[in-house]
Every structure is written in structure tokens, then in C-alpha cells.
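If you scroll down you'll find the structure; I have some questions about it.
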Amino acid sequence: MTDSSQLHGKKIAIVVTNYGIEQDELVRPRQAVIDAGGQAVIVAVEQGDVATLVGDKDPGATLAADLTISAADAADFDALIIPGGTINADSLRLENDAIAFVSDFVEAGKPIAAICHGPWALVETGRVSGKTLTSYASLRTDLTNAGATWVDESVHVDREAGWTLVTSRDPDDLDDFTRELVTAFAAA
């Protein structure tokens, strides 16, 4: 059970596109932040609804974006979550504002948690070299080509290069992922 005050006073950004996020990879980390007393802010490419999918194909929950990426400033947040979903992650890495937003967290040394296909955005920042992380297995080559060390673990926490990175492989790892991201964000 999460301590309801672990993230008290912490503001956590969750960066997404407006379509194709794997439902549980958005909903469960968001709820874990809220349950730990933090403020979870959905930062999307556009204003309006954020439509999730289940298994990259079936319609999931729809949530409202709280803020657009172009209006967001990493300085206003304590940490960042990057959910997966193949469509979401592939589209997000093509959004210059999103990659700049993610890069700002790295530059500021703020913790980041990414799951499944979410690490694609980190590859685009050019800042995974020297990091050890996990992801959906199909990203292994992309991550190693970007200089990272890929491991097959339910969750991996890397504190190298001046910033903490929490990663997991897929929705089956969400219990480990949410536990470790709350711990990492609380320590920031």
C-alpha cells in the first residue's frame, strides 16, 4: 500500500499524445501518484481528450488533458512519466515540443519513469547513452544503438549520469513500476 503523503507537494507530469496510449500505463501510474499525495498532470500534444487503447487496438478510457506540451514548462514539475502504447510512443517521438520537454527534465536532473514503448522519447533526446534500462522487448535494438544497456527485468532503476530513470517492460510490470516510480519521485 502506498503512503498517502509520500508525494505530498510534488507535481508530476505525464506526457502523451492525444491517442493511442496504453490505458493502464497512463491510468495506473497517474493513480499511484494521486494515492501517494502528489498532483498528476496530463500534458498532451493538443487540448481536449486523451484516448487510450487496450492492447494497442481496443478502445480504452478517455481522460482530459490538463495542459498542452507547448504550454508546459519542466521547471514547474518535480518528475515525469512517459507511458507507452505503440501508437502514442511512436507519435510522441516525432513531436519536437515533446522531445524538448523530456530533454528539459534530463537537463534539470529530475527523475523520469518510462514504460513499454515510452523510452522511444528518451532515445530521441540523445541522453540514454550510459544508462541501463528496460522496455518492451522490440525497443532493445533502438536503445542499444543509442548507447544504453538493455536488461530484461520487470523494473529497473538507473541513477547514473545525474538523473534517475525508472523503466519497465509492459503492463504486466505495473505493480513494480508504480512502486519504484513513487519511491524515486519521493526522493527527488
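Just to confirm a number: summing +1 for Lys and Arg and -1 for Asp and Glu over residues other than residue 188 whose beta-carbon lies under 12 angstrom from that of residue 188, what do you get? List each step's numbers first, then the result.
Numbers: positive: 10, 11, 110, 159; negative: 78.
Taking every Cβ under 12 Å from that of residue 188, the sum is +3.
Can you give me the C-alpha center-to-center distance between the stretch 77-152 and the stretch 1-68, rounded to a whole angstrom?
17
Taking the Cα centre of the chain as the origin and placing charges on Cβ (Lys, Arg +1; Asp, Glu -1), which of 125, 155, 108 is farthest toward the positive end of the dipole?
108
Shifting gears a bit: Counting each DSSP H run of 4 or more residues in the chain as -39500 (n - 2.57), what helix-only mean residue ellipticity at 222 nm follows after dividing by all residues, to the nearest 500 deg cm²/dmol? Mind showing how you got there, number by number?
Values: 6 runs with 59 residues, N = 188.
Computed ellipticity for the chain at 222 nm equals -9000 deg cm²/dmol.
Normalised by the number of residues in the chain, what is the relative contact order in percent for Cα pairs under 8 Å and 6+ residues apart?
Working: 459 pairs, mean separation 38.1, N = 188.
Contact order relative to length: 20 percent.
Another question, if that's okay. Put a dot 7 Å past each Cα toward the Cβ at residue 188 and residue 159; how far apart are the dots in nm?
That separation, rounded to one decimal, is 1.5 nm.
Ranked from highest to lowest mean number of other Cβ atoms within 10 Å per residue, what is the order of the peptides 175-182, 5-12? Write down the numbers at each step before the final one.
On the way: 175-182: 21.6, 5-12: 17.0.
Put in order of decreasing packing, that is 175-182, 5-12.
Show me, bin by bin at 10 Å from 0, the whole-percent P(r) of the chain based on Cα pairs.
For the chain, the pair-distance distribution reads 11, 43, 39, 7.
A follow-up question, please. Work out, step by step, the length gained on full extension between residue 75 and residue 141: first 0.36 nm times the residue separation, then minus their alpha carbon distance; give nm to one decimal.
Working: separation 66, 0.36 × 66 = 23.76 nm, distance 3.18 nm.
Going from the current span to full extension adds 20.6 nm.
If you place +1 on the Cβ of every Lys and Arg and -1 on the Cβ of every Asp and Glu, how big does the dipole about the Cα centre of the stretch 1-156 come out, in debye to the nearest 20?
Numbers: 10 positive and 22 negative charges, 62 e Å.
Its charge dipole is roughly 300 debye.
To check you understand DSSP bridge types, tell me what percent of the beta bridges within the chain (both residues inside) are antiparallel, rounded to 5.
Working: 9 of 32 bridges.
Rounded to the nearest five, the antiparallel share is 30 percent.
The numbers here are math on the coordinates, done by the rules we state, and not lab data. Keep in mind the model is a prediction, meaning the values are calculated, not measured. Ideal geometry is used to build each Cβ from the backbone, glycine not excepted, and the neighbour counts take in all protein chains shown.
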